[in-house]
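The values are calculated or read from the model by the stated rules, or taken from the named source; none is laboratory data. These numbers were taken from a predicted model, which means no experiment stands behind them. Neighbour counts are summed over all protein chains in view; Cβ atoms, including those assigned to glycine, are modelled from backbone coordinates with ideal geometry. The accessibility values were calculated without ligands, DNA or RNA, using every heavy atom of the protein model including side chains. Shrake-Rupley method; radii C 1.70, N 1.55, O 1.52, S 1.80 Å.
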Amino acid sequence: MLKKCLPTLLLTVVTGVLAALPGRLAAQDSAGVGMPELMAAEKLFDLQFTPVKRDSIVSGLIDHLHFYQYLHSQDLYNNVPLSLSFDPLLPGTAYERRQNPLRWDIPGEVALPANRNDLAFYSIPELASLLRRRKITSVELTKFFIDRLKKYGPVLHCVIELTEDSALAQARWADALFAKGVVHSPLQGIPYGIKDLFAVKGTHTTWGTPPYKDQVINSTCYVAERLDDAGAVLVAKLSLGELAMDDVWFGGLTRNPWNLAVGSGGSSAGSASSTAAGLVPFAIGTETYGSIVDPSMRCGATGLRPTFGSIARTGCMALCWSSDKVGPICRSAEDAAIVFAYIHGGDSVDVSSRLMPFNYTGKVDLRQLRIAYTRNYIDSLPESSPEKQTLLILRKLGARLIPVDFPDDLHGNDILSLIIGVESAAAFDKLTRTNRDDEMVQQNKDRWPNTFRTARFVPAVEYVNACRMRTEIMKKVDPFISQYDIIIAPPETGDQLAITNLTGHPSVTLPVGYRPDGMPGSISFIGQLYGEAKLLAFAKAFQDATPYNKQRPKGFE
């Protein structure tokens, strides 16, 4: 990987030494490049050359500047991929190759609720049963959820665009198939929402920020196509924090349905908020560094962050090619398993994607699993904390829990933040150089406009070395995680969130109780690479024995 990585980066990443030189280097006149600029740059990059070496360097810097100017003249749109790919599997790693038939437990007798609003919180299998037995049509179900989106979307600030006309057309098609006795999947006829960084033909794809508010991409992303094949009905493009950071977009702050005074978390803000509030049965989100985990934790949703590369990202806004992941946000692990089954896989466009087996049965013997919990994060918490209560419940269910210390001294946050900063700055190079980043809502020092600018001052050499350090982390962490079927950790404590995003391991974040202020308390279960089947079956076993994922936020019942 590194042999392919270095030559390409030296040519394509515009974060090299010269991009960092102050003053006259930003101008087109290369005559301004000299010893004072070089000496100033050395201080920024922790370098110190002799006068003789500096004399030799200057002419090369001028040559580089000319090439940077050529790069800047090229129109590299966000969908132009990197010519290298990240692989979470270390060389020589063995993995399952055979896909077994999947069978879903669709209940036979499901009644429509006396209070129609209760329908908003039915599971995917329950809705599938109603649809197959013609107790409700997909058109009726779609109109029901569109009405909820219209009523509560403005309250939560979670909807960017409704897709009412196309949704009803998809629903009519699903009903026609049901009438013929044709069922493609448990998702057939069931509405869903998608984070508005996915392209869907006939809609705006705003990426949540004013510079792209009117953007229309005349194609449909891989995930939406797969869901269309399964018969699901897209009802809304949902909010995201600007360019996939936190929960603030050009329409305001996406609200948390458990407390409207606070945000939903992000960046898959609308996906988590709308699902938790029963505005959609499920939604699609993405994660680069916490964007499925964080809003699922805050909104009490069940969010699956799959293994890196499990789902092709074609048609999805690129933020960080080596860390972007796609995953479902649902209200149960079983629902997440069903959605994942129909969207996982690779294509010929996203070179990081691959089709791996997903042999989900929904059944697991907790007594036979090697389950670890992160004592360095959990042992010091109060006995009444949701995290401690989770361990107590699992022990009562027969699980034997092994205390472990999660590696917390590997500078995961520093490495991942640098990698994301550089790759995202390249992905939005033109936005920065044209100063259209001034149009973005958030202009704080720790938000994207300044992050992109700061990343221009990261030398390409240091980016490459950060990627190499990532490989070293994988070599240290993979043997640790591979000892266990499941590792239990608080979602955002310590360095595990950064580390597992660097290594590409999957996790599911789910509610495990409620805090004194009434907000959900959540936990993350971390699985082995491409181990989503066992991971979700474990989460299902926990949810089958507990009521937490079945709770509803007040005001949305």
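Kindly provide the set of residues from segment 82-125 that are surrounded by fewer than 16 Cβ atoms within 10 Å (Cβ to Cβ) and among the hydroxyl-bearing types (Ser, Thr, Tyr), ordered by number.
Selection gives 83, 93, 95.
Take residue 409 and tell me if it is in a helix (DSSP H, G or I), out of contact with any Ser or Thr (no Cβ under 6 Å at 6 or more places or on another chain) and of a type in the set (Asp, Glu).
no
For residues in segment 354-374 being exposed (fewer than 15 other Cβ atoms within 10 Å of the Cβ) and free of Cβ contacts under 8 Å to residues at least 60 places away in the same chain, which is nearest to residue 105 (Cα to Cα)?
365
Scan segment 190-218 residue by residue and report those that are of a type outside the set (Ser, Thr, Tyr), touching a residue at least 60 places away in the same chain (Cβ under 8 Å) and open to solvent by less than 10 Å² (accessible area, probe 1.4 Å).
Scanning segment 190-218 gives 190, 191, 193, 194, 195, 196, 197, 198, 199, 207.
May I ask you to list pairs of residues, at least six apart or on different chains, whose Cβ atoms are under 9 Å apart, with the first in segment 466-481 being farther than 11 Å from residue 411 by Cβ and the second being open to solvent by 70 Å² or more (accessible area, probe 1.4 Å)?
467/1; 471/1
Considering every residue within segment 146-166, establish whether at least one is open to solvent by 10 Å² or more (accessible area, probe 1.4 Å), in contact with a helix residue (DSSP H, G or I) (Cβ under 7 Å, 6 or more places away or on another chain), among the β-branched types (Val, Ile, Thr) and free of Cβ contacts under 8 Å to residues at least 40 places away in the same chain.
no
Kindly indicate whether any position in segment 292-299 is crowded, with 24+ Cβ neighbours inside 10 Å and among the polar types (S, T, N, Q).
Yes.
Please verify whether residue 262 is in a strand (DSSP E or B) and buried (at least 24 other Cβ atoms within 10 Å of the Cβ), treating the condition exactly as stated.
no
Listed here are the residues, each with its yes/no results for (1) of a type outside the set (A, V, I, L, M); (2) open to solvent by 30 Å² or more (accessible area, probe 1.4 Å); (3) under 21 Å from residue 470 (Cα atoms).
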| position | (1), (2), (3) |
| --- | --- |
| 507 | yes, no, yes |
| 523 | no, no, no |
| 528 | yes, yes, yes |
| 535 | no, no, no |
| 547 | yes, yes, no |
| 557 | yes, yes, no |
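Looking at residue 383, is it open to solvent by 20 Å² or more (accessible area, probe 1.4 Å), under 25 Å from residue 522 (Cβ atoms) and part of a helix (DSSP H, G or I)?
Answer is no for this residue.
Can you tell me which residue among 174, 224, 169 is within 17 Å of residue 329 (Cβ to Cβ), of a type outside the set (Phe, Trp, Tyr) and assigned to a helix (DSSP H, G or I)?
224
Give the residues of segment 43-53 that are assigned to a helix (DSSP H, G or I) and closer than 17 Å to residue 65 by Cβ, sorted by residue number.
44
I'd like to check something: does segment 309-319 contain any residue that is in contact with a Pro (Cβ under 9 Å, 6 or more places away or on another chain), among the hydrophobic types (A, V, I, L, M, F, W, C) and either surrounded by fewer than 24 Cβ atoms within 10 Å (Cβ to Cβ) or on the phi > 0 side of the Ramachandran plot (or both)?
Looking through segment 309-319, at least one residue is in contact with a Pro (Cβ under 9 Å, 6 or more places away or on another chain), among the hydrophobic types (A, V, I, L, M, F, W, C) and either surrounded by fewer than 24 Cβ atoms within 10 Å (Cβ to Cβ) or on the phi > 0 side of the Ramachandran plot (or both).
If residue 373 passes every condition in (1) over 30 Å from residue 421 (Cβ atoms); (2) outside any strand (DSSP E or B) but one, which one does it miss?
(2)
Suppose we filter segment 413-449 for residues that are open to solvent by 40 Å² or more (accessible area, probe 1.4 Å) and closer than 26 Å to residue 493 by Cα; how many remain?
Qualifying residue count, segment 413-449: 8.
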